[in-house]
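A short worksheet on the structure shown next.
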Amino acid sequence: MAGAIEESIDIDAPPERLYDMVSDLSRMGEWSPENLGGKWLGGASGPAEGARFKARNRNGWRRWSTKVRIVTANPPKEVAWESSAFGLKVALWRYRFEPNGKGGTTVTESTEDQRGGFMNTVAPIATGVKDRPDANRHNMRATLEQLKKAAEG
């Protein structure tokens, strides 16, 4: 995948529990340094293929939102969503949950940048993030570490 970034971590918790934690997108702000959570839209109350969500994000004093559509909801193995802004694609995000053979789970978070020319021009100004791949990798590592602390704590 062009522009794809992937990070993994082993967590001492079952895949079902981790899937439930991550797929409740309203909780993502508990772990992510950039995402603040958000709310389900259109009567959706959780992850199902086609469900929509409005995510809130921040970087320093900057704040922005994205619209999310769940593209994969396969408990307890995988959840994925596409994010967009102004009706234009931003990224595909995916979490996979695999038993690690040690009583825990390997959680893999990945993202694929889907921004086109306009979004590549506007996004750094709106978000203050000049190197999106580097910021995503840093934020993904931090998110997975916080998820691990929450799940094992």
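The values are calculated or read from the model by the stated rules, or taken from the named source; none is laboratory data. Source: prediction; values computed, not measured. All Cβ positions, even for glycine, are placed from backbone atoms using ideal geometry, and neighbour counts span all protein chains on display.
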Under 6 Å by Cβ, and 6 or more places apart or on different chains, what pairs join a residue from segment 107-122 that is at positive phi with one that is at pLDDT below 85? none
Has segment 11-33 got at least one residue that is among the polar types (S, T, N, Q), part of a strand (DSSP E or B), crowded, with 16+ Cβ neighbours inside 10 Å and touching a residue at least 24 places away in the same chain (Cβ under 8 Å)? no
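Counting just the residues of segment 101-119 that are under 20 Å from the mean Cα position of the chain (by Cα) and of a type in the set (A, V, I, L, M, F, W, C), which one comes out farthest from ALA80 (Cα to Cα)?
Top of the filtered list is MET119.
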Selection from segment 39-98 of residues that are without any contact (Cβ under 8 Å) to a residue 40 or more places away in the chain, in a loop (DSSP other than H, G, I, E, B) and not aromatic (Phe, Trp, Tyr): GLY42, GLY43, ALA44, SER45, GLY46, PRO47, ALA48, GLU49, GLY50, ALA51, GLY87
Under the condition of being among the hydroxyl-bearing types (Ser, Thr, Tyr) and out of contact with any Phe, Trp or Tyr (no Cβ under 9 Å at 6 or more places or on another chain), which residue from segment 19-65 is modelled with the highest pLDDT? SER32
Filtered residues of segment 104-125 (kept if at pLDDT 75 or above, among the hydrophobic types (A, V, I, L, M, F, W, C) and exposed (fewer than 15 other Cβ atoms within 10 Å of the Cβ)): VAL122
Leading residue by the ranking (nearest to GLU152 (Cα to Cα)) among those in segment 19-71 that are out of contact with any strand residue (DSSP E or B) (no Cβ under 7 Å at 6 or more places or on another chain) and among the polar types (S, T, N, Q): SER32
Just a yes or no: is a residue in segment 77-88 of a type in the set (Val, Ile, Thr) and buried (at least 17 other Cβ atoms within 10 Å of the Cβ)? yes
